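Q: I have a structure I would like to understand better, so I am pasting it below and will then ask my questions one at a time.
Read-outs: derived from the displayed coordinates by stated rules, not from any lab. Predicted, not measured: the structure shown is a model, and the values here were computed from it. For neighbour counting, all protein chains shown are included, and Cβ atoms are generated from backbone atoms with ideal geometry for every residue, glycine included.
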Amino acid sequence: MVENVLILVGDVEWRGWIFGSDLGVHGLFIEGQHWQEVDLRKGLVAILDLASDCLNCQQLVIRLENTLEETRKTPHPLTLAYLVSLLRVLMPLGFQLLHPNSHPHTTGTLIGMTI
């Protein structure tokens, strides 16, 4: 069973769902979009609080929008330069790049962390 989640940070909404593994580990998968429009610290704190305190998740996975097709659709595309700067901020906080096939049916760059 998949539980859908909607996170509002200011005027930006991020959609996601709770996933489970065969080992009983639960995680929160977030479709992270419009990073330029949100306070990064406030957004990450809201996501981490929701995942760990409210949903009892042990993992957090965020999909960053960065495919060519998404760049055409969104008014504020996540450019390669911005993606690199975002990763430089997130990786020292404990996020790691994930293999693209680690979560099927997704595109873009995946980052994750254990909570």
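Q: Considering the zone a paramagnetic label at Gln59 would reach in this model (a point 7 Å from Cα along the Cα-to-Cβ line), which residues of region 3-18 have amide N under 13 Å from it?
A: 18
Q: I've got another one for you. Could you list Val12, Val5 so that the one with the fewest beta carbons within 10 Å of its beta carbon is first and the one with the most is last?
A: The fewest-first ordering by Cβ neighbours comes to Val12, Val5.
Q: Taking the beta-carbon count within 10 Å as an exposure proxy, list Ile30, Ile18, Ile62 from fewest neighbours to most.
A: The most exposed by this proxy come first: Ile18, Ile30, Ile62.
Q: Multiply the residue gap between Asp39 and Leu97 by 0.36 nm, knock off their C-alpha separation, and tell me the result in nm, one decimal place.
A: Computed gain between Asp39 and Leu97 is 18.7 nm.
Q: At a Förster radius of 30 Å, what calculated FRET efficiency corresponds to the Cβ-Cβ distance of Glu13 and Thr107, to the nearest 0.05?
A: My answer for the efficiency is 0.90.
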